[in-house]
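**Student:** Provided herewith is a single structure, encoded as structure tokens, for subsequent inquiry.
The values are calculated or read from the model by the stated rules, or taken from the named source; none is laboratory data. Quantities reported herein were computed from a predicted structural model and do not represent experimental measurements. Heads up, the Cβs are rebuilt from the backbone with ideal geometry, glycines too, and the neighbour counts pull from every protein chain shown.
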Amino acid sequence: MNEKLNINQWAEEDRPREKLMQHGPAALSNAELLAILIGSGNAEETAVGLMRKVLDDCHNRLSELGKYTVDDLCRYKGIGPAKAVTILAASELGKRRREEEPSERKRITSSQDVYAFFHPLMCDLPVEECWILLLNQAAKVIDAVKISQGGLASTQVDVRCILREAILKRATSMILCHNHPSGNTRPSSDDDRLTHALLEAGRTMNIRLLDHVVVSDGGYYSYGDEGRL
């Protein structure tokens, strides 16, 4: 008589949790994803095998699975109310995600757009912060990342950290922005050096620095508008 392998004895690439961590969720089948949710199967079947059986009865359609009730799922050996509720909750989340309208990414076309984006974040700050705005090919915002926070007079910025964020987010261009709590928007010599260093480093990585904007509560300074890039 063949003994059923415990999940810890499976080949590592066949374990759904490990497979997800190694290859990402897209690499898993529907049964494997559902198996992660229920955690265990029954004496005869693994969690993956049990969920394959459930999906077979749904013609492998998640939309059909979403129509099941707790009682329907509890008919399967190894699925109790707690597991059934978990499956149905996941189904409902998937449904709500489909119904959501896709959020429109903000498009940045000018220094005024940059100021409007960052002013609410920076207008009341007592210390300097430096942020990088990462953009895609269409100049739409991928992400805004705080790079550093410093004292009243300055903030230490590592160009490597900025490029790392840009590369990880697959940005094609970027905009640097920091605040001057003093209210004086004129850039300092340190601001000039940082701008030049990031401009050159970005060229090496084919990531364009579109602007460096210095923000205060009353206005801003744009290296791009001043023709300094």
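**Student:** Say whether the condition of being outside the structural domain of HIS178 (by TED's automatic domain parsing), surrounded by 11 or more Cβ atoms within 10 Å (Cβ to Cβ) and over 24 Å from ILE162 (Cα atoms) is met by at least one residue in segment 102-112.
**Tutor:** Within segment 102-112, none of the residues are outside the structural domain of HIS178 (by TED's automatic domain parsing), surrounded by 11 or more Cβ atoms within 10 Å (Cβ to Cβ) and over 24 Å from ILE162 (Cα atoms).
**Student:** Pick out the one residue from GLY78, GLY24, GLY41 that is on the phi > 0 side of the Ramachandran plot and surrounded by 18 or more Cβ atoms within 10 Å (Cβ to Cβ).
**Tutor:** Working: GLY24 fails: surrounded by 18 or more Cβ atoms within 10 Å (Cβ to Cβ); GLY41 fails: on the phi > 0 side of the Ramachandran plot.
Exactly one residue qualifies, and that residue is GLY78.
**Student:** Return the residues of segment 122-132 that are touching an Asp or Glu at 6+ places or on another chain (Cβ under 8 Å) and either within 17 Å of VAL157 (Cα to Cα) or surrounded by 15 or more Cβ atoms within 10 Å (Cβ to Cβ) (or both); say none if nothing qualifies.
**Tutor:** Once the filter is applied, which keeps residues that are touching an Asp or Glu at 6+ places or on another chain (Cβ under 8 Å) and either within 17 Å of VAL157 (Cα to Cα) or surrounded by 15 or more Cβ atoms within 10 Å (Cβ to Cβ) (or both), segment 122-132 yields MET122, ILE132.
**Student:** Hey, another quick one. Could you please tell me which pairs satisfy a Cβ distance under 8 Å, a separation of 6+ or placement on different chains, a first residue in segment 42-53 that is within 15 Å of TYR68 (Cβ to Cβ), and a second residue that is at pLDDT 90 or above and among the small types (Gly, Ala, Ser)?
**Tutor:** Close Cβ pairs (under 8 Å, with a partner that is at pLDDT 90 or above and among the small types (Gly, Ala, Ser)) amount to LEU50/ALA35; LEU50/GLY78; MET51/ALA31; MET51/ALA35.
Conditions (1) of a type in the set (Val, Ile, Thr); (2) in a loop (DSSP other than H, G, I, E, B); (3) at pLDDT 85 or above; (4) within 20 Å of ASN179 (Cβ to Cβ), marked per residue:
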{"residue": "GLU92", "(1), (2), (3), (4)": "no, no, yes, no"}
{"residue": "LYS95", "(1), (2), (3), (4)": "no, no, no, no"}
{"residue": "PRO102", "(1), (2), (3), (4)": "no, yes, no, no"}
{"residue": "THR109", "(1), (2), (3), (4)": "yes, yes, yes, no"}
{"residue": "VAL114", "(1), (2), (3), (4)": "yes, no, yes, yes"}
{"residue": "LEU134", "(1), (2), (3), (4)": "no, no, yes, yes"}
{"residue": "GLN137", "(1), (2), (3), (4)": "no, yes, yes, no"}
{"residue": "VAL141", "(1), (2), (3), (4)": "yes, no, yes, yes"}
{"residue": "ILE147", "(1), (2), (3), (4)": "yes, no, yes, yes"}
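**Student:** Report, by residue number, each residue of segment 164-192 that is of a type in the set (A, V, I, L, M, F, W, C) and under 18 Å from ARG203 (Cα atoms). Break it down stepwise before answering.
**Tutor:** Applying the first criterion (of a type in the set (A, V, I, L, M, F, W, C)) to segment 164-192 yields 166-168, 171, 174-177.
Matches in segment 164-192: ALA166, ILE167, LEU168, ALA171, MET174, ILE175, LEU176.
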